[in-house]
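Colleague: Below: one structure in structure tokens.
The values are calculated or read from the model by the stated rules, or taken from the named source; none is laboratory data. Owing to the predicted nature of the structure, the values given are computational and were not obtained by experimental measurement. Heads up, the Cβs are rebuilt from the backbone with ideal geometry, glycines too, and the neighbour counts pull from every protein chain shown.
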């Protein structure tokens, strides 16, 4: 018998990179071939479609939540040309599960039925200091507690039993902005780019002075202009793999947003999932034996 937890391992960076690299030993450890036999499928497409269907019914972990948000909100309402979706965006000591960048920055903090709410207050406090809008996405079992714990300006969205997203409370746009917190969230090239937009000149100082100088420049600006610069910089610096997302199955959208792949591995995944010759599991299983 294959458990849902074992099936969920198919949707990990470890497994997908192993498929891309033809790492048969890792795929054996993950039980990919056993799971394929359990589902009685022969192709990667069928395997992932079946696995995703099972998980979305019986084991809605963070991956399933993220994938649904990516498909229904990011791809369902926006386009790659105007929007980006970031995964695991660090904000101080906290990490925002998903951040949508379009005309605003919108945070989606996920609380599945398997999660604890102990850190929610601290997480939301940080996110409200950086993003324009903040939402918590949860199951019905978490709803009452989240409505009680989340500040009124935080939106609340429920993932229904039918895997649709139902808005319970709309988020309120916040004007608050903590520059020190933002600085800790950005890469060197990003905060330097923002500072240079305001400074009007290329900043050329030793690395030991760069962070403090950029923070000083940014802190002197109108918060609304800083938010605008932050948005445009992140959209430019952290683009999604639009071609790969459009080329691979529905179930792998979040993987392409959340996981890091080398360019060659990404190309291999696209070939493996699209080519009939490379998409037959029994051929790979024979290689193992």
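Quick grid of which residues meet (1) buried (at least 18 other Cβ atoms within 10 Å of the Cβ); (2) more than 22 Å from residue 7 (Cβ to Cβ):
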site: 60; (1), (2): yes, no
site: 69; (1), (2): yes, no
site: 89; (1), (2): yes, yes
site: 92; (1), (2): yes, yes
site: 95; (1), (2): no, yes
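Colleague: At positive phi and either in contact (Cβ under 8 Å) with a residue 24 or more places away in the chain or within 15 Å of the chain's Cα centre (by Cα) (or both): which single residue out of 109, 113, 62, 88 fits that description?
Modeller: 88
Colleague: Also, I was wondering about something else. Working carefully through the options 56, 83, 13, find the one that is closer than 17 Å to residue 255 by Cα and either under 16 Å from the mean Cα position of the chain (by Cα) or crowded, with 20+ Cβ neighbours inside 10 Å (or both).
Modeller: 13
Colleague: Which numbered condition trips up residue 158, out of (1) more than 19 Å from residue 106 (Cβ to Cβ); (2) assigned by TED's automatic domain parsing to the domain that holds residue 103; (3) surrounded by 14 or more Cβ atoms within 10 Å (Cβ to Cβ); (4) touching a helix residue (DSSP H, G or I) at 6+ places or on another chain (Cβ under 9 Å)?
Modeller: Every listed condition holds for residue 158 apart from (1).
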